[in-house]
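K.L.:
Below you will find the structure I want to go over with you.
Please treat every number below as a calculation from the coordinates, not as lab data. These numbers come from a predicted model, not from an experiment. Neighbour counts run over all protein chains shown; Cβ positions are idealised from the backbone, glycine included.
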Amino acid sequence: MKEKRIGPEPAQKTILHSPNGAPYSFAIEISNADSNTTDMRTFHIQGKDPATGKNKTGLYYLKNNEHHDYLDLFAQLAGDFGLQLPYNRQPVANRAFTAHYRKVIGQNIAPGILYGYGDPAVIRVDDTPDGTKYYMVVTSNDAPDSFPLLRSPNLTDWECIGYVFPQDRKPPWASSGLGISDYWAPEMHQVGNEFRIYFVARDKHANDLCIGVARSSSPEGPFQPDAAPLLTNNVIDPHLFVAGTAETYLFWKEDNNEVWPGRLINFLYHHPHLIPALFPATAHQATASLILTLWPWAQALSPMERFLVLQIFIEAVSTDFAAFRQLLSSIMETLPTPLHQEINTILELMKTRVYAQLLSADGSQLIGERTLIIENDLDWEAHLVEGMWVTKYGQQYYLFYAGNDFSTDKYGIGVAIADNLLGPYRKMPAPLLYSTSEWRAPGHPSLVIRPDGKPELFLHAYYPGKAGYKQFRALLAIPITLKEDLVDL
């Protein structure tokens, strides 16, 4: 939590100008508030009026640094300076898709649960003293109590029984605090007599996202985190597949989608004349020019706030992600050879990949070589795949995953199927689940067997008009049917 200042401080100003050669020129003055009661910033922005072609100046206010504040700011700038309107503020696409989602939990049911039930991981435990029980852990972002732990006898009635990491028992290596920590995507699984939770947190020193592990002899804890993370360097969304009492595999995603936007913007900042060749639409050119102008300031922001600033640039790129990558590749022929490696690095980073690797018997280290499982190669996935869960049915393995932008109706859940755990996986060409009129951006599924023996998929989704980082995500469920080389609703 940010400390309050004892008295007002002088306002701090940042002066920014578009790099020479950008197709649209902006002059921006950013002033931080001089009050000790608000984080408000003001933006004085001068740019071209798309209606008249003349310069205009506007004064804009960012009340806080939350996701919806930035979305509102960029929605205003879109109207005034011809930028692309953020997807989150555009009318929802009129799709014919319908799904019979079951609302399981539609509100926060405990004081420590601040943001709902994102990235729900549900497991069934058959050997509890009271018979079969279901347990779930969910993302908590920067909430003081990390990873709500919930219990249910029937997958319908849930109670919060505590937190994996209460305020006073955080992992020693992980950052903590409102607006600082990122506790994401926990999963609990039973391995022999031990219950392990693999999770994501941000390293307090390196500031990168890491995968850690915590252990308990009971699904209800207490959980003891290992002293150091298992995997480092911007990795997220761990999934554990338990193949036997001592054979487990870790699946994870390399979070390149956090890396390539900055690398691409930095490249264009030094070569802004390339913007028209990469962005045919004038709204995207204006968007890219504005973000390049903000880039020297944005680099100093925290990782999540920097993403909020860059999101409209990412959306401009991912409108037709495959076409953009092709344009970026083709312009290499027009550039000096020393720049080719830089572009090739960006193109490589624009692939977000899911890997899997065998774990040691105690689950504390990876063994052998990692295997590439899937990457973003379908149009609907755009710039990323993430949030996976693997289950075996019959002789096949079914991998459920999410793709596209988590805060828009373009987000959905896909399926890939393989004859072997490590693949190769064959993707279904279209998403299994999409947004409906009642629910937006369904994602990060987990599969569990109901009391009647049938499979059910659990997932999160937003209420209409409420999507965004640290916004409430409801817990939904939907029955599915697993068939050979197919999944049906």
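K.L.:
Students often forget the sequence filter, so: which lysines lie under 16 Å Cα-Cα from Lys48 once same-chain residues fewer than 8 apart are removed?
P.N.:
Answer for Lys48, where 16 Å is the Cα cut-off: Lys56, listed by chain and number.
K.L.:
Rounded if a/c is under 1.5, else prolate if a/b is larger than b/c, else oblate: which is region 15-130, with a ≥ b ≥ c the root eigenvalues of its Cα gyration tensor?
P.N.:
Prolate.
K.L.:
What fraction, in whole percent, of alpha-carbon pairs in region 235-307 exceed 13 Å separation?
P.N.:
Values: 1925 of 2628 pairs.
The share of Cα pairs beyond 13 Å in region 235-307 comes to 73 percent.
K.L.:
Something else now. Under unit Cβ charges (Lys, Arg +1; Asp, Glu -1), what dipole magnitude, rounded to 20 debye, does region 333-393 have relative to its Cα centre? Could you put the intermediate results ahead of the total?
P.N.:
Values: 4 positive and 10 negative charges, 56 e Å.
Once rounded to the nearest 20, the dipole reads 260 debye.
K.L.:
Okay, next question. State which helices in the chain qualify, where a helix is a whole DSSP H run, it must extend 15 Å or more along its own axis by its Cα atoms, and its mean Kyte-Doolittle hydropathy must be at least -1.0.
P.N.:
Span-like helices in the chain: 67-81, 260-270, 282-298, 303-318.
K.L.:
Rounded, prolate or oblate for region 372-489? Axes are the square roots of the Cα gyration tensor eigenvalues, ordered a ≥ b ≥ c, and the cut-off for rounded is a/c under 1.5.
P.N.:
Note, shape of region 372-489 comes out oblate.
K.L.:
Still on this structure, I have one more. Hey, how many Å between the Cα centroid of region 69-126 and the Cα centroid of region 249-318?
P.N.:
Going from one Cα centre to the other spans 22 Å.
K.L.:
Mind pulling the per residue volume of the convex hull built on the Cα atoms of the chain? Å³ is fine.
P.N.:
Here the figure is 153 Å³ per residue.
K.L.:
Still on this structure: Any idea what the relative contact order of region 397-442 is, in percent, if you count C-alpha pairs under 8 Å spaced at least 6 apart?
P.N.:
This gives 37 percent for region 397-442.
K.L.:
Within straight cross-link reach of Lys54, meaning Cα distance under 17 Å, which aspartates and glutamates are found once same-chain residues fewer than 8 apart are removed?
P.N.:
Within the straight-line limit of under 17 Å, Lys54 reaches these aspartates and glutamates: Asp80.
K.L.:
I've got another one for you. Using the count of nearby Cβ atoms within 10 Å as a rough guide to exposure, how do Arg41, Arg89 rank from fewest to most?
P.N.:
So the ranking, lowest neighbour count to highest, is Arg89, Arg41.
K.L.:
Considering only Cα-Cα distances, which of the following residue pairs are longer than 27 Å: Lys133/Lys392; Lys204/Lys253; Lys253/Lys470; Lys427/Lys454; Lys392/Lys470; Lys410/Lys454?
P.N.:
Lys392/Lys470; Lys410/Lys454, as the Cα separations exceed 27 Å there.
K.L.:
Ok, one more. Which order do peptides 308-317, 428-437, 229-238 fall in by mean Cβ count within 10 Å, highest first?
P.N.:
308-317, 229-238, 428-437
K.L.:
I would also like to ask the following. Using only DSSP helix segments of four residues or longer, with each worth -39500 (n - 2.57), what per-residue ellipticity at 222 nm results for the chain after dividing by its residue count and rounding to 500?
P.N.:
My calculation for the chain gives -5500 deg cm²/dmol from helical runs alone.
K.L.:
Using the Cβ atoms and a cut-off under 14 Å, what net charge is assigned to the surroundings of Thr287, where Lys and Arg are +1 and Asp and Glu are -1?
P.N.:
Values: positive: Lys48, Arg89; negative: Asp80, Glu315.
After counting each charged neighbour, the total is 0.
K.L.:
If you don't mind, another one. State the extension gain, in nm to one decimal, for the chain segment bounded by Lys483 and Asp49, taking 0.36 nm per residue of separation less the distance between their alpha-carbons. Could the numbers behind the result be given before it?
P.N.:
Values: separation 434, 0.36 × 434 = 156.24 nm, distance 5.59 nm.
Working it through step by step, the gained length comes to 150.6 nm.
K.L.:
OK, next. Are there any GluC sites (Glu not before Pro) in region 392-489 that are in a DSSP loop and have at most 16 other Cβ atoms within 10 Å? List them by number.
P.N.:
Of the GluC sites (Glu not before Pro), the ones in loops of region 392-489 whose Cβ has at most 16 other Cβ atoms within 10 Å are Glu438, Glu484.
K.L.:
Assuming a ≥ b ≥ c are the square roots of the Cα gyration tensor eigenvalues, decide whether region 308-452 counts as rounded (a/c under 1.5), prolate (otherwise, with a/b larger than b/c) or oblate.
P.N.:
Oblate, since a/c reaches 1.5 and b/c is not below a/b.
K.L.:
Further, regarding this structure: So which aspartates and glutamates can Lys13 reach, going by Cα to Cα under 15 Å and dropping same-chain residues fewer than 8 places off?
P.N.:
Leaving aside aspartates and glutamates fewer than 8 places away in the same chain, those within reach of Lys13 are Glu29, Asp34, Asp39.
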